[in-house]
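**Student:** Pasting in a structure now, in C-alpha coordinates, and then I'll have a few things to ask.
The values are calculated or read from the model by the stated rules, or taken from the named source; none is laboratory data. Everything numeric here is computed off the predicted structure, so don't read it as measured data. Here the Cβ positions follow ideal geometry from the backbone for every residue, glycine too, while neighbour counts run over all protein chains shown. The protein model used for the area step is the full one, side chains on, heavy atoms only, and it has no ligands, DNA or RNA in it. Shrake-Rupley method; radii C 1.70, N 1.55, O 1.52, S 1.80 Å.
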Amino acid sequence: MPPRTPTSDRSTATRRSAKGTTRDSGPTTIALANQKGGVAKTTSVASIGAALAELGRRVLLVDLDPQACLTFSLGVDPDTVESSIHDVLTGRAEIGDVIVTCEEGVDLVPSTIDLAGAEAMLLPRPGREYVLRSALEGLDTAYDVVLLDCSPSLGVLTLNALTAADALIIPMPCEMLSHRGVGQLLDTVADVQKILNRDLEVWGILPTLFDGRSNHAREVLADVGERYDLPVLEPPIPKTVRFAEAPAVGRSILATARTSKGAQAYRDVATSLLARL
Ligand SMILES: Nc1ncnc2c1ncn2[C@@H]1O[C@H](COP(=O)(O)OP(=O)(O)OP(=O)(O)O)[C@@H](O)[C@H]1O
Ligand SMILES: [Mg+2]
(Lines give C-alpha, C1' and ligand atoms only; values in the text may rest on other atoms or scores of the structure.)
(Ligands and ions follow the chains in the order given, each with its own letter.)
Protein backbone atom coordinates (compact mmCIF):
# COMPACT_ATOMS: atom_id res chain seq x y z
CA MET A 1 0.00 0.00 0.00
CA PRO A 2 1.47 3.43 -0.89
CA PRO A 3 2.38 5.83 1.92
CA ARG A 4 -0.47 8.10 2.89
CA THR A 5 0.13 11.80 3.31
CA PRO A 6 -0.66 13.17 6.77
CA THR A 7 -3.39 15.80 6.63
CA SER A 8 -5.13 18.15 8.97
CA ASP A 9 -8.22 18.46 6.74
CA ARG A 10 -10.96 16.96 8.87
CA SER A 11 -13.48 17.28 6.03
CA THR A 12 -11.76 14.61 3.94
CA ALA A 13 -13.60 11.74 5.60
CA THR A 14 -16.51 10.97 3.30
CA ARG A 15 -19.90 9.46 4.00
CA ARG A 16 -20.11 6.05 2.57
CA SER A 17 -23.08 4.16 1.33
CA ALA A 18 -23.00 0.67 2.70
CA LYS A 19 -25.59 -0.53 0.22
CA GLY A 20 -24.90 -2.51 -2.91
CA THR A 21 -22.27 -4.94 -1.73
CA THR A 22 -22.87 -8.42 -0.44
CA ARG A 23 -21.32 -9.90 2.65
CA ASP A 24 -19.35 -13.05 1.87
CA SER A 25 -18.70 -14.31 5.38
CA GLY A 26 -19.02 -12.56 8.69
CA PRO A 27 -16.21 -10.38 10.00
CA THR A 28 -14.25 -11.19 13.14
CA THR A 29 -15.30 -8.70 15.78
CA ILE A 30 -12.69 -7.79 18.39
CA ALA A 31 -13.36 -5.59 21.42
CA LEU A 32 -10.47 -3.69 23.00
CA ALA A 33 -11.59 -3.11 26.55
CA ASN A 34 -10.21 -2.18 29.94
CA GLN A 35 -12.20 -0.06 32.34
CA LYS A 36 -9.02 1.69 33.39
CA GLY A 37 -8.55 4.98 31.54
CA GLY A 38 -5.56 5.90 29.42
CA VAL A 39 -4.24 2.38 28.79
CA ALA A 40 -4.06 2.90 24.97
CA LYS A 41 -7.35 1.28 23.94
CA THR A 42 -8.08 3.97 21.37
CA THR A 43 -4.50 4.18 20.13
CA SER A 44 -4.45 0.40 19.72
CA VAL A 45 -7.76 0.30 17.82
CA ALA A 46 -6.59 3.02 15.42
CA SER A 47 -3.14 1.50 14.95
CA ILE A 48 -4.13 -2.17 14.66
CA GLY A 49 -6.96 -1.11 12.33
CA ALA A 50 -4.55 0.84 10.12
CA ALA A 51 -2.07 -2.04 10.16
CA LEU A 52 -4.73 -4.56 9.12
CA ALA A 53 -5.80 -2.20 6.33
CA GLU A 54 -2.18 -2.03 5.17
CA LEU A 55 -2.27 -5.82 5.06
CA GLY A 56 -5.24 -5.62 2.70
CA ARG A 57 -8.01 -6.41 5.18
CA ARG A 58 -11.32 -4.56 5.10
CA VAL A 59 -11.59 -2.93 8.49
CA LEU A 60 -14.45 -1.27 10.36
CA LEU A 61 -13.72 0.59 13.58
CA VAL A 62 -16.54 1.40 16.01
CA ASP A 63 -16.13 4.25 18.49
CA LEU A 64 -18.11 3.31 21.62
CA ASP A 65 -16.82 6.13 23.79
CA PRO A 66 -18.73 9.42 24.28
CA GLN A 67 -15.30 11.12 24.50
CA ALA A 68 -15.10 10.28 20.75
CA CYS A 69 -11.29 10.19 20.82
CA LEU A 70 -11.11 7.51 18.12
CA THR A 71 -13.41 9.55 15.89
CA PHE A 72 -11.31 12.69 16.39
CA SER A 73 -8.00 10.91 16.02
CA LEU A 74 -9.04 9.55 12.61
CA GLY A 75 -9.76 13.01 11.25
CA VAL A 76 -13.51 13.14 11.78
CA ASP A 77 -14.85 16.07 13.79
CA PRO A 78 -17.29 14.62 16.38
CA ASP A 79 -19.01 18.02 16.62
CA THR A 80 -20.05 18.00 12.97
CA VAL A 81 -20.88 14.37 12.17
CA GLU A 82 -24.50 14.07 11.04
CA SER A 83 -25.19 10.73 12.63
CA SER A 84 -23.26 8.44 14.89
CA ILE A 85 -23.24 5.23 16.91
CA HIS A 86 -25.69 6.95 19.25
CA ASP A 87 -28.30 7.04 16.46
CA VAL A 88 -27.66 3.37 15.74
CA LEU A 89 -28.03 2.28 19.37
CA THR A 90 -31.18 4.32 19.84
CA GLY A 91 -32.77 2.94 16.67
CA ARG A 92 -32.71 6.16 14.68
CA ALA A 93 -30.28 4.98 12.00
CA GLU A 94 -28.98 1.81 10.39
CA ILE A 95 -25.30 1.16 11.02
CA GLY A 96 -24.49 1.22 7.30
CA ASP A 97 -25.83 4.75 7.02
CA VAL A 98 -23.51 6.28 9.63
CA ILE A 99 -20.23 4.77 8.39
CA VAL A 100 -17.56 7.20 7.21
CA THR A 101 -14.44 6.28 5.25
CA CYS A 102 -11.19 7.59 6.71
CA GLU A 103 -7.93 8.35 4.97
CA GLU A 104 -6.33 5.71 7.12
CA GLY A 105 -7.89 3.12 4.79
CA VAL A 106 -10.45 2.06 7.39
CA ASP A 107 -14.16 2.71 7.81
CA LEU A 108 -15.45 4.21 11.03
CA VAL A 109 -18.71 4.30 12.95
CA PRO A 110 -18.18 7.65 14.67
CA SER A 111 -19.18 8.66 18.16
CA THR A 112 -20.33 11.97 19.57
CA ILE A 113 -20.92 13.30 23.06
CA ASP A 114 -24.61 12.31 22.62
CA LEU A 115 -23.49 8.78 23.41
CA ALA A 116 -23.14 9.84 27.05
CA GLY A 117 -26.95 9.65 27.23
CA ALA A 118 -27.16 6.23 25.60
CA GLU A 119 -26.43 4.30 28.79
CA ALA A 120 -29.45 5.82 30.52
CA MET A 121 -31.58 5.36 27.41
CA LEU A 122 -30.60 1.69 27.05
CA LEU A 123 -30.92 0.74 30.72
CA PRO A 124 -34.70 0.20 30.86
CA ARG A 125 -34.75 -1.65 27.52
CA PRO A 126 -35.09 -5.43 27.44
CA GLY A 127 -32.18 -7.02 25.61
CA ARG A 128 -30.15 -3.84 26.08
CA GLU A 129 -26.86 -5.73 25.88
CA TYR A 130 -27.67 -7.07 22.40
CA VAL A 131 -28.32 -3.79 20.60
CA LEU A 132 -24.83 -3.42 19.09
CA ARG A 133 -24.69 -7.09 18.16
CA SER A 134 -27.90 -6.90 16.18
CA ALA A 135 -26.83 -3.62 14.59
CA LEU A 136 -23.60 -5.26 13.37
CA GLU A 137 -25.55 -8.22 12.04
CA GLY A 138 -27.37 -5.71 9.85
CA LEU A 139 -24.11 -4.64 8.13
CA ASP A 140 -24.41 -5.20 4.42
CA THR A 141 -20.86 -4.16 3.57
CA ALA A 142 -18.26 -6.89 3.70
CA TYR A 143 -15.58 -6.43 6.36
CA ASP A 144 -12.91 -8.85 7.45
CA VAL A 145 -12.57 -7.37 10.90
CA VAL A 146 -14.51 -5.04 13.18
CA LEU A 147 -12.63 -3.42 16.07
CA LEU A 148 -14.64 -2.00 18.98
CA ASP A 149 -13.09 0.85 20.98
CA CYS A 150 -14.62 0.76 24.46
CA SER A 151 -14.92 3.57 26.97
CA PRO A 152 -13.14 3.28 30.34
CA SER A 153 -16.12 1.73 32.12
CA LEU A 154 -17.89 -1.60 32.54
CA GLY A 155 -21.29 -0.07 31.79
CA VAL A 156 -23.95 -1.00 29.25
CA LEU A 157 -21.87 0.15 26.27
CA THR A 158 -18.95 -2.11 27.18
CA LEU A 159 -21.37 -4.98 27.84
CA ASN A 160 -22.74 -4.37 24.34
CA ALA A 161 -19.21 -4.61 22.96
CA LEU A 162 -18.46 -7.85 24.82
CA THR A 163 -21.78 -9.30 23.68
CA ALA A 164 -21.12 -8.40 20.05
CA ALA A 165 -17.49 -9.55 20.02
CA ASP A 166 -15.87 -12.80 19.01
CA ALA A 167 -12.73 -11.85 20.89
CA LEU A 168 -11.43 -9.52 23.58
CA ILE A 169 -8.01 -7.89 23.72
CA ILE A 170 -7.08 -6.14 26.96
CA PRO A 171 -4.58 -3.31 26.45
CA MET A 172 -2.54 -2.87 29.63
CA PRO A 173 0.46 -0.66 30.38
CA CYS A 174 3.41 -2.45 31.94
CA GLU A 175 3.05 -0.80 35.33
CA MET A 176 1.97 -2.28 38.62
CA LEU A 177 -1.04 -0.02 39.11
CA SER A 178 -2.37 -0.95 35.69
CA HIS A 179 -3.26 -4.36 37.09
CA ARG A 180 -5.95 -2.85 39.25
CA GLY A 181 -9.31 -3.72 37.82
CA VAL A 182 -8.20 -6.50 35.47
CA GLY A 183 -9.68 -9.09 37.86
CA GLN A 184 -12.99 -7.24 37.80
CA LEU A 185 -12.89 -7.06 34.00
CA LEU A 186 -12.27 -10.82 33.81
CA ASP A 187 -15.18 -11.46 36.22
CA THR A 188 -17.40 -9.42 33.90
CA VAL A 189 -16.11 -11.40 30.92
CA ALA A 190 -16.95 -14.67 32.72
CA ASP A 191 -20.51 -13.41 33.35
CA VAL A 192 -20.83 -12.37 29.70
CA GLN A 193 -19.61 -15.79 28.58
CA LYS A 194 -22.19 -17.47 30.84
CA ILE A 195 -25.18 -15.30 30.05
CA LEU A 196 -24.79 -13.11 26.99
CA ASN A 197 -22.14 -14.44 24.62
CA ARG A 198 -20.87 -17.98 25.02
CA ASP A 199 -18.51 -17.59 22.08
CA LEU A 200 -16.48 -14.69 23.50
CA GLU A 201 -12.77 -15.61 23.56
CA VAL A 202 -10.12 -13.69 25.46
CA TRP A 203 -7.24 -13.41 23.03
CA GLY A 204 -5.01 -11.90 25.65
CA ILE A 205 -3.33 -8.89 27.13
CA LEU A 206 -1.69 -6.37 24.84
CA PRO A 207 1.19 -4.76 26.78
CA THR A 208 1.23 -1.04 26.00
CA LEU A 209 3.30 2.01 26.97
CA PHE A 210 6.25 -0.34 27.47
CA ASP A 211 9.52 1.21 28.55
CA GLY A 212 12.11 -1.48 27.86
CA ARG A 213 14.75 0.40 29.89
CA SER A 214 12.74 0.01 33.08
CA ASN A 215 13.32 -3.12 35.18
CA HIS A 216 9.88 -2.68 36.67
CA ALA A 217 8.23 -2.70 33.22
CA ARG A 218 10.14 -5.84 32.26
CA GLU A 219 9.13 -7.57 35.50
CA VAL A 220 5.47 -6.67 35.01
CA LEU A 221 5.63 -7.93 31.42
CA ALA A 222 7.17 -11.22 32.53
CA ASP A 223 4.58 -11.75 35.28
CA VAL A 224 1.31 -10.58 33.79
CA GLY A 225 0.38 -13.58 31.65
CA GLU A 226 0.88 -16.07 34.48
CA ARG A 227 -0.90 -13.87 36.99
CA TYR A 228 -4.11 -13.83 34.94
CA ASP A 229 -3.57 -17.10 33.09
CA LEU A 230 -3.90 -15.28 29.79
CA PRO A 231 -1.81 -15.14 26.61
CA VAL A 232 0.32 -12.01 26.23
CA LEU A 233 0.29 -10.62 22.70
CA GLU A 234 3.63 -9.78 21.15
CA PRO A 235 5.52 -7.60 20.76
CA PRO A 236 4.86 -5.12 23.60
CA ILE A 237 4.07 -1.65 22.26
CA PRO A 238 6.92 0.71 23.17
CA LYS A 239 6.28 4.02 24.87
CA THR A 240 7.19 6.81 22.45
CA VAL A 241 6.22 10.45 22.07
CA ARG A 242 5.32 9.83 18.42
CA PHE A 243 1.93 8.53 19.61
CA ALA A 244 0.96 11.87 21.09
CA GLU A 245 1.51 13.62 17.76
CA ALA A 246 -0.64 11.41 15.53
CA PRO A 247 -4.22 12.30 16.61
CA ALA A 248 -3.60 16.02 16.01
CA VAL A 249 -3.34 15.39 12.26
CA GLY A 250 -6.19 12.90 12.15
CA ARG A 251 -4.04 9.87 11.32
CA SER A 252 -2.58 6.94 13.20
CA ILE A 253 1.10 6.58 14.00
CA LEU A 254 1.35 4.20 11.04
CA ALA A 255 0.94 7.22 8.76
CA THR A 256 2.64 9.94 10.81
CA ALA A 257 5.71 7.95 11.83
CA ARG A 258 5.69 5.04 9.41
CA THR A 259 9.03 3.59 10.38
CA SER A 260 8.91 4.24 14.11
CA LYS A 261 9.25 1.35 16.55
CA GLY A 262 5.70 1.97 17.75
CA ALA A 263 4.23 1.69 14.25
CA GLN A 264 6.26 -1.44 13.58
CA ALA A 265 5.15 -3.03 16.87
CA TYR A 266 1.50 -2.52 15.95
CA ARG A 267 2.16 -3.97 12.47
CA ASP A 268 3.68 -7.05 14.12
CA VAL A 269 0.72 -7.43 16.48
CA ALA A 270 -1.68 -7.07 13.53
CA THR A 271 0.24 -9.70 11.57
CA SER A 272 0.07 -12.06 14.53
CA LEU A 273 -3.73 -11.61 14.61
CA LEU A 274 -4.17 -12.34 10.91
CA ALA A 275 -4.21 -16.10 11.35
CA ARG A 276 -7.13 -15.83 13.76
CA LEU A 277 -9.39 -13.64 11.62
N1 LIG B 1 2.88 3.60 23.10
C2 LIG B 1 2.61 4.84 23.53
N3 LIG B 1 3.62 5.68 23.85
C4 LIG B 1 3.36 6.93 24.32
N5 LIG B 1 2.12 7.43 24.48
C6 LIG B 1 1.07 6.64 24.16
C7 LIG B 1 1.26 5.31 23.67
N8 LIG B 1 0.05 4.77 23.47
C9 LIG B 1 -0.85 5.71 23.79
N10 LIG B 1 -0.24 6.83 24.22
C11 LIG B 1 -0.87 8.07 24.70
O12 LIG B 1 -1.52 7.76 25.93
C13 LIG B 1 -2.73 8.50 26.04
C14 LIG B 1 -3.88 7.54 26.28
O15 LIG B 1 -4.04 6.74 25.12
P16 LIG B 1 -5.46 6.31 24.61
O17 LIG B 1 -6.36 7.49 24.46
O18 LIG B 1 -5.26 5.44 23.44
O19 LIG B 1 -5.96 5.45 25.86
P20 LIG B 1 -7.42 4.91 26.17
O21 LIG B 1 -7.25 3.65 26.95
O22 LIG B 1 -8.22 4.83 24.94
O23 LIG B 1 -7.99 6.07 27.10
P24 LIG B 1 -9.50 6.22 27.60
O25 LIG B 1 -9.66 5.20 28.68
O26 LIG B 1 -9.58 7.62 28.11
O27 LIG B 1 -10.39 5.95 26.43
C28 LIG B 1 -2.86 9.30 24.76
O29 LIG B 1 -2.39 10.59 24.99
C30 LIG B 1 -1.96 8.57 23.78
O31 LIG B 1 -1.43 9.43 22.79
MG1 LIG C 1 -10.10 5.65 24.49
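**Student:** Please go through the stretch 136-156 and give me each residue that is aliphatic (A, V, I, L, M), within 16 Å of ligand 2 (Cβ to nearest atom) and over 13 Å from the mean Cα position of the chain (by Cα), ordered by number.
**Tutor:** LEU154
**Student:** Go through (1) within 16 Å of ligand 1 (Cβ to nearest atom); (2) touching a strand residue (DSSP E or B) at 6+ places or on another chain (Cβ under 8 Å); (3) open to solvent by 30 Å² or more (accessible area, probe 1.4 Å) one by one and return the number of the condition PRO152 breaks.
**Tutor:** It fails just one condition, (2).
**Student:** For the stretch 42-64, how many residues are closer than 18 Å to ALA116 by Cβ and open to solvent by 10 Å² or more (accessible area, probe 1.4 Å)?
**Tutor:** 1
**Student:** Another one. Taking the stretch 134-149, which residues are surrounded by fewer than 20 Cβ atoms within 10 Å (Cβ to Cβ) and free of Cβ contacts under 8 Å to residues at least 60 places away in the same chain?
**Tutor:** Of everything in the stretch 134-149, those that are surrounded by fewer than 20 Cβ atoms within 10 Å (Cβ to Cβ) and free of Cβ contacts under 8 Å to residues at least 60 places away in the same chain turn out to be SER134, GLU137, GLY138.
**Student:** Okay, moving on. Can you pull out the helices (runs of 4 or more DSSP H) entirely within the stretch 184-277 that have at least 2 residues that are hydrophobic (A, V, I, L, M, F, W, C) and over 26 Å from PRO110 (Cα atoms)?
**Tutor:** 215-228
**Student:** Mind counting the residues in the stretch 32-69 that are within 16 Å of ASP268 (Cβ to Cβ), β-branched (Val, Ile, Thr) and more than 11 Å from ligand 1 (Cβ to nearest atom)?
**Tutor:** So the count comes out to 1.
**Student:** Can you tell me which residues in the stretch 86-99 are part of a loop (DSSP other than H, G, I, E, B), open to solvent by 10 Å² or more (accessible area, probe 1.4 Å) and under 21 Å from SER151 (Cα atoms)?
**Tutor:** Residues satisfying the conditions are THR90, GLY91.
**Student:** Scan the stretch 100-114 for residues that are modelled with pLDDT of 95 or more and open to solvent by less than 20 Å² (accessible area, probe 1.4 Å) and report the count.
**Tutor:** Residues meeting the conditions: 9.
**Student:** Please find, within the stretch 170-184, the residue that is nearest to ligand 1 (Cβ to nearest atom) out of those that are within 13 Å of GLY37 (Cβ to Cβ) and surrounded by 12 or more Cβ atoms within 10 Å (Cβ to Cβ).
**Tutor:** PRO171
**Student:** Let me ask you something else. If you take the residues of the stretch 211-257 that are among the polar types (S, T, N, Q) and more than 22 Å from the chain's Cα centre (by Cα), which of them is nearest to ligand 1 (Cβ to nearest atom)?
**Tutor:** Taking the candidates together, the pick is SER214.
**Student:** If PHE243 meets every condition in (1) open to solvent by 30 Å² or more (accessible area, probe 1.4 Å); (2) under 26 Å from GLU119 (Cβ atoms) apart from one, which number is that one?
**Tutor:** Result: PHE243 fails condition (2) only.
**Student:** Check whether at least one residue in the stretch 115-128 is touching a residue at least 60 places away in the same chain (Cβ under 8 Å) and open to solvent by less than 10 Å² (accessible area, probe 1.4 Å), and report yes or no.
**Tutor:** no
**Student:** Can you tell me which of THR163, THR208 is among the polar types (S, T, N, Q), within 13 Å of ligand 1 (Cβ to nearest atom) and surrounded by 20 or more Cβ atoms within 10 Å (Cβ to Cβ)?
**Tutor:** Exactly one residue qualifies, and that residue is THR208.
**Student:** Suppose the filter is at pLDDT below 95, among the basic types (Lys, Arg) and touching a Gly at 6+ places or on another chain (Cβ under 9 Å); does ARG218 pass it?
**Tutor:** The answer is yes for ARG218.
**Student:** Still on this model: How many of the residues in the stretch 34-85 are on the phi < 0 side of the Ramachandran plot, more than 12 Å from ligand 2 (Cβ to nearest atom) and in a loop (DSSP other than H, G, I, E, B)?
**Tutor:** 13
**Student:** Oh, and also: What do you reckon, is ILE205 among the β-branched types (Val, Ile, Thr) and either in contact with a His (Cβ under 8 Å, 6 or more places away or on another chain) or closer than 17 Å to VAL269 by Cβ (or both)?
**Tutor:** yes
**Student:** Within the stretch 119-130, is even one residue in a loop (DSSP other than H, G, I, E, B), over 22 Å from PHE72 (Cβ atoms) and of a type in the set (A, V, I, L, M)?
**Tutor:** Yes, that holds for at least one residue.
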